[in-house]
Structures are given as structure tokens and as C-alpha cells.
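J.: A single structure is presented below for examination.
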Amino acid sequence: MCGIFGILYTDGISVPDETRLIETSRILGHRGPDSIGHHKEPGIGLVHTRLSLIDLSSRSDQPFWDAEKRYCLVYNGEIYNFGALRAELEDLGAVFTTTSDTEVLLHGLIRHGPDAFVPRCEGMFAFAFWDRMERKLVLARDRFGIKPLSVYEDDRMLVFASEIKAL
């Protein structure tokens, strides 16, 4: 299990407080003691605490970015059919730098879009997919809700986390 957290400001310019992002990673630290990562920029902050299962290398730490730094993913879960999905994506020209299901999920979301790719993912997961250029955030979880994803929204922000206490 990993921990994810994010805050999206509706004004698109407010910058999350780094101290609070670090504190949130401490709150979620028991969910992923192997690494902690966070990212902030105007309008959004993302946190990930990692429990390494598939690719133990630090190259799979999150937040996980594509090569162009347009798309970012924070992800909690396991995609059981990631090997088959990876092979299909490689046939379409995707180049992988890790052996993680995280990178497979990211490439699939970029290539096919969330509406087409998420239903093909067999497993348990919750994630946030950020498109920096379009300034669009997609939240999703597996169809049974095995991996938790709590959300709070008001007129100033949308906040999500894999545990209520992180909100």
C-alpha cells in the first residue's frame, strides 16, 4: 500500500505550502515507508509515500513524470495485468525506463486517455493523473473501491487523499 495526497486550487495560481505537504507525507508515512516524494507548482501540490513492491528501484519513485514533464502520476495500488498492457504499449512505440506498473499506467493514460485505459486495468488502485499543459486533474479508483480515495471540494480547492486523516 502507498499513500497519495493532492490539493488543486481552483484559482490556478495559489501555491501549496511546502511545510504542509511534508507534514501530510509524515501523516501518510506508515502507508509507504520506502520513499516520500512531493511536487508543488502554482495551482497544485502532490504527495506520495511509497511501499515498493514491483520495481524496487528509486527510478520508480513518485510523483512519477513522463519524459517531457507534462504528465504526472501519484498512484496507490497494483495492476495485475500490467505486463500485457506494457507489451501492447511497447508495440505502439512506448519506451519504458522502469519495470513498474506505475509507468505502464502513466503511458496508458497518456496514449489512450483515462476513459479508455482505466477499464482495461485489472487490479486495485487509486490515482491522480495531472496534465500540466491542460491544467487538468483526473482522479480514479478501481471499480470495487479496494484502494481508498477520499475527496473534499469547496469553491477554493479540491483535496484528495488515500486516508481521511490526511485531509
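J.: Which one of 72, 16, 44 is farthest out on the positive end of the charge dipole of the chain, using unit charges on Cβ (Lys, Arg +1; Asp, Glu -1) and the Cα centre as origin?
T.: Result: 16.
J.: Further question: So, with a 1.4 angstrom probe, what is the percent of accessible area on the chain that is carbon and sulfur? Could you put the intermediate results ahead of the total?
T.: Values: 4330 of 8200 Å².
So the carbon and sulfur contribution to the accessible surface is 53 percent.
J.: Report P(r) for the chain: all Cα-Cα distances, bin width 5 Å, range 0 to the bin holding the largest distance, values in whole percent.
T.: 2, 9, 19, 23, 22, 15, 7, 3, 0
J.: With runs of 4+ DSSP H residues as the only contributors, calculate the mean residue ellipticity of the chain at 222 nm using -39,500 (n - 2.57) per run, divided by the residue total and rounded to the nearest 500. Walk me through the numbers before you get to the answer.
T.: Values: 4 runs with 36 residues, N = 167.
Theoretical 222 nm ellipticity from helices: -6000 deg cm²/dmol.
J.: For the chain, with only Lys/Arg (+1) and Asp/Glu (-1) charged at the beta-carbon, what is the dipole magnitude about the Cα centre, in debye rounded to 20?
T.: Numbers: 19 positive and 25 negative charges, 44 e Å.
Value, rounded to 20: 220 debye.
J.: Turning to a different aspect of this structure: Need one value: the accessible area of residue 40 in square angstrom, 1.4 angstrom probe, rounded to the nearest 10.
T.: 80
J.: Of 25, 116, 102, which is farthest on the positive side of the dipole of the chain, counting Cα position, with +1 on Lys and Arg Cβ, -1 on Asp and Glu Cβ, and the Cα centre as origin?
T.: The one lying farthest along the dipole's positive direction is 25.
J.: Please list the non-local residues whose amide H lies under 5 Å from the amide H of residue 157, H modeled 1.01 Å from N, same-chain partners needing a gap of 5 or more.
T.: Residues meeting the criterion, in which the H sits 1.01 Å from N, are 10.
J.: Count the net charge of all other residues whose Cβ sits under 11 Å from the Cβ of residue 40, scoring Lys and Arg as +1 and Asp and Glu as -1. Walk me through the intermediate numbers first.
T.: Values: positive: 20; negative: 17, 18, 41.
With Lys, Arg at +1 and Asp, Glu at -1, the net is -2.
J.: Tell me, what is the percent relative contact order of the chain, built from C-alpha pairs under 8 Å that lie six or more residues apart? Write down the numbers at each step before the final one.
T.: Values: 337 pairs, mean separation 40.9, N = 167.
Relative contact order of the chain: 24 percent.
The values are calculated or read from the model by the stated rules, or taken from the named source; none is laboratory data. Computed from a prediction, not measured in an experiment: that's the story for all the values here. Neighbour counts run over all protein chains shown; Cβ positions are idealised from the backbone, glycine included. Remember, those area values only see protein heavy atoms, side chains included, never the ligands or the DNA or RNA. Shrake-Rupley method; radii C 1.70, N 1.55, O 1.52, S 1.80 Å.
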